[in-house]
Every structure is written in C-alpha cells, then in structure tokens.
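What follows is a single structure, written as structure tokens, with notes after it.
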Amino acid sequence: MTTPQEELLPATRRALLHRIAVAQAEGRAPSLVAAVVRDGRAVWHGSRSSVEGHAPDENTQYRVGSITKTFTAVLVMRMRDEGLVGLDDPLEKHLPGTGAGEVTIAQLLAHTGGLAAESPGPWWERTPGSLRPELSDVLGEQPLVHPVGRRHHYSNPGYTLLGALVEEVRGTSWEEALRREVLEPLGLNRTGVRPEAPHASGWAVHPWADVLLPEPAEDLGRMAPAGQLWSTTGDLARFASFLVRGDDRVLSAESVREMRTPAAPAEAADVMSGDAYGLGMQIQGRHGRLLVGHSGSLPGFLATVTISVEDDAAAVVLANCTSGPAVATVAADLVRIVAEAEPRMPAPWTPLRQADPTVLELAGQWYWGTYAFALRFRSDGLASLEPLSGNGRRSRFRPNGDGSWTGLEGYYAGELLKVVRGGDGRVDHLDVGSFVFTRQPYEQGAEVPGGVDAGGWRGIDR
C-alpha cells in the first residue's frame, strides 16, 4: 500500500514499494512501514503487512529505540547554544556525584566517555525501569571500561547521564523538556514516551519457523533518554528534515550541522566500513554516498532514519520484529533509488551581487611549491581553494571581515587564509595556515620559506 504522491514518478514509486516488499518478505517482518523525504517534506509512504487489510500508515506508532538518543542530543545542544553548559564541561560540573569522573558532555554525546555499553543487572530492554531507580543502578560500581576520550564505545548509560543532565539544568523531567522544546515546536504530535493508538505490537519471529512470540513493552525508567520513544514515519520524516535544515525554534542549521560532523575517533573496523559518529548522530559512507542519521532497536522493533544531505533525500524505515530486515540497508537503498532515478535539480547559478576589487585580485591560480591550486570566490560569499589536479587539500573559507578567511573543512578547517602584501601594497603571497601560496611556482622575490635558488629554473646538464 502506498499513499499516492505527485512528486515522484510512477516508476520510482514502484521501485520504492518493491524494495520494502522484498525487505518485509525476506526479513519475515509482521509489518514494515517506510517514508521518503525530499526537499524538506515527505513525498512517499509505503508499507507491507502480514495481515491483509491491516497495513500501517504514516500515523502508526512503532518503538524507535536508539533514535531517541538523537532527540536527547538535540536537547543538550539547545542548552549549549543557550550558554547553560559547554560541550567541554565535565559532567561533574553540572551533575556531581555520578561516579563518571571527568567525562565531558561532548564525550557522552559522541560515545567516547569510556562508559560501559550496557547497564549492569538483568537485560534492561526487557525488564521494568523500576529495577534501576537511581543513576547508580544504571552505572554500577565500575561505570568506566575504557580510558576517557580514547576510543568510541557505544554507551546506553552515557545517554541516561545526558537525560539526567537535561533534568538537572532545566529543572523538569526529560520527558517534559522533550515535549516542550522539540516535539511541540516541530509538530511531532505522534511521538512520545508511551504508545498511543494506532500503534504496532512488538514481536519476536522464530528463526527456524514461521511463528511469533509477543515481546514485552517495558517502561525504561531512567534509561528512557537512551531508547524510550515511540514514533511514526510521518513524524520521523519531519524530524529528518529538521536534522538537515535546522529550525530556529529548536536548533539552528549550524548546530545540527555540528551534530552531523564526526566527533569520535574511529576504530579500525570503522575506518574500513566508513562508519563514524557525531554528536548524537551516526555517520556512514555507503556506495559513494555520505549518510547520517540514527538506527534503533528494542525487543520487538527495528527502526532507522537515514539522510543524504547532498541529495536532499532521507528515508525512514520501521518494523515490528526483534530481528529480521536490515532496516538501515533498506533505508540507504530507498535514498539511493530516489537520488539515482530522480537526481536533485541544482539551483540556478547566480553571480555575486557586488564585485569587490580587493577580492577579485586574489582570484585565479596559485602555487604551493609546485602544486597548482585555484582560488575561486562564490556567490554564497565563500571562497574555495581547490587543487587543479589530483586529490590535494581543498577547503571552503568564510570571510572574517578583516581581509582574512577561515577554513571550514578538511585539512584547513579552522586555519586562517591571510593575504600578505609587499611594501608597494601589491599582493606578495597567500599564507594558509603558514603555507605560502605564490602566483608562480617558487616565485622569485616572494617570501618562500627556505628561499628560492637565484639561478632559477633550469634543464638537466647532459
């Protein structure tokens, strides 16, 4: 079943439906529902169900597990933007006595705090939260299993601490802060900590027989900020759009971009697979495409939100089974299908509103040693430094208003590009993080470190 949409071509809609049909059948999921987002809004919904006539729609709730962590991260980033906390603040500064030592807020967001992956005691996802009433029950006697800041180690208790931080700073419950600060402003009216009809039931599917077993739907208590939420494809489609564009009522575009930026040291396996983690968001490289978002699972449910910012496309996939369809792979395929079948139309080229002569004299070809680069000035107000051949260092730069520019990405992120002029006022060279760029390779008379041989360029004596 799909909701007819005019935005996508019929062949694209059928390809999307076929992909989720295969996923539901081969993954043996009682039901599977999906959505695709383009240009900031849902353009396709589809679902498959094992019960004829009962396919879920975009308003049917499923439990979304660790996608909850991204919501919690948004709450923390809001407090950072308001100046109430700093990402480099030790947790103890705001929430003393946890036993987590000097782990910082950023390290908790990026899972680099060294905390254990799970809470001690019985499996927290299948037991009542009342078994873990205090933070000490969640963390146990030895909360740290790795040195702080040394490696990425996914931690559910770490996000329990972040939820407790929200409560301490805001003076209200995590649930109330989430409702007031995120859910209501974004119009996520079908997202909450408890299921509201219509909602799916969670099932375990026997690995070797086509039979089912109901899974318990426990209230996670203190662990709620790590995985409590229920939501729908409709709400998560809107949330995916927010994670691309931001919303000044909740979090700026710059802050959500920061969440999507890798913040954790990669393990060897992560380097090979192209996986990384930001501030509450997973980052993956798949088939030449950079994907961000988060996956989630709890007994009886699988969920994922997957976004390609470059393609301005996102997918949400939810299923009500403990194991089965690889929903993250399915979502990546849905994004790929749309991006390849109906590529994003580029915005029209537009010229600068006003030409700055002091900027124009810098445009063109420059050399770092013998490496050729081009410095271009764009209509969005940024400058780009790009190698003319090979895969050299490249970056965009934003103007600082004093004639210097700051790098935005790659090797030159945070580094200054400065224009150095001679005594006559003419441009001598560019200084980019101490590297000298000249108009000619090893230009005579320019301030090239180490000097330039007075004999100049020459051939080989035979």
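The values are calculated or read from the model by the stated rules, or taken from the named source; none is laboratory data. All of these numbers come straight from a predicted model, not from anything done at the bench. Here Cβ is always computed from backbone atoms with ideal geometry, including for glycine, and neighbour counts include all displayed protein chains.
So the values come out like this:
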item: Segment 283-309, residues that are surrounded by 24 or more Cβ atoms within 10 Å (Cβ to Cβ) and out of contact with any helix residue (DSSP H, G or I) (no Cβ under 8 Å at 6 or more places or on another chain); result: Gly300, Phe301
item: Hits in segment 291-331 - residues which are farther than 29 Å from Glu218 by Cβ and under 10 Å from the mean Cα position of the chain (by Cα); result: Leu291, Val292, Ile307, Ser308, Val309
item: Enumerated strands (runs of 3 or more DSSP E) restricted to segment 404-462, each holding at least 3 residues that are under 20 Å from Arg393 (Cα atoms) and of a type in the set (A, V, I, L, M, F, W, C); result: 416-421, 435-437
item: Pairs, first free of Cβ contacts under 8 Å to residues at least 12 places away in the same chain in segment 202-219, second aromatic (Phe, Trp, Tyr) and surrounded by fewer than 15 Cβ atoms within 10 Å (Cβ to Cβ), C-beta under 7 Å, six or more apart; result: none
item: Index of the failed condition, His45 passing every other in (1) outside any loop (DSSP other than H, G, I, E, B); (2) of a type outside the set (Asp, Glu); (3) within 20 Å of Met259 (Cα to Cα); result: (3)
item: Check on Phe377, over 23 Å from the mean Cα position of the chain (by Cα), of a type in the set (Phe, Trp, Tyr) and either buried (at least 16 other Cβ atoms within 10 Å of the Cβ) or farther than 22 Å from Asp275 by Cβ (or both); result: yes
item: Any hit, segment 21-32, residues being free of Cβ contacts under 8 Å to residues at least 60 places away in the same chain and either among the basic types (Lys, Arg) or outside the structural domain of Ser155 (by TED's automatic domain parsing) (or both); result: no
item: Qualifying residue in segment 41-64 (condition: within 22 Å of Gly149 (Cα to Cα) and among the hydrophobic types (A, V, I, L, M, F, W, C)); result: no
item: Any chance Pro157 is modelled with pLDDT of 95 or more, within 22 Å of Val193 (Cβ to Cβ) and in contact with a strand residue (DSSP E or B) (Cβ under 9 Å, 6 or more places away or on another chain); result: yes
item: Long-range neighbours under 7 Å by Cβ, at least six apart or interchain, first residue without any contact (Cβ under 8 Å) to a residue 40 or more places away in the chain within segment 169-182, second part of a helix (DSSP H, G or I); result: Ser173/Glu167
item: Matching residues in segment 107-120 - criterion: being over 23 Å from Gly171 (Cβ atoms) and of a type outside the set (Asp, Glu); result: Gln107, Ala110, His111, Thr112, Gly113, Gly114, Leu115, Ala116, Ala117, Ser119, Pro120
item: Residue identified as modelled with pLDDT of 95 or more and part of a strand (DSSP E or B) among Leu213, Leu236, Leu243; result: Leu213
item: Leu334, sole failed condition from (1) at pLDDT 95 or above; (2) within 28 Å of the chain's Cα centre (by Cα); (3) not assigned by TED's automatic domain parsing to the domain that holds Asp312; result: (3)
item: Segment 62-107, subset more than 21 Å from Val256 (Cβ to Cβ) and of a type in the set (Val, Ile, Thr), residue surrounded by the fewest Cβ atoms within 10 Å (Cβ to Cβ); result: Thr98
item: Test: residue in segment 420-442 that is exposed (fewer than 13 other Cβ atoms within 10 Å of the Cβ) and hydrophobic (A, V, I, L, M, F, W, C); result: no
item: Test: Ala383 is more than 26 Å from Trp457 (Cβ to Cβ) and surrounded by 12 or more Cβ atoms within 10 Å (Cβ to Cβ); result: yes
item: Checklist (1) touching a Pro at 6+ places or on another chain (Cβ under 6 Å); (2) surrounded by fewer than 24 Cβ atoms within 10 Å (Cβ to Cβ); (3) among the polar types (S, T, N, Q) applied to Asn59, failing item; result: (1)
item: Test: residue in segment 338-357 that is in contact with a strand residue (DSSP E or B) (Cβ under 9 Å, 6 or more places away or on another chain), at pLDDT 95 or above and not in a loop (DSSP other than H, G, I, E, B); result: yes
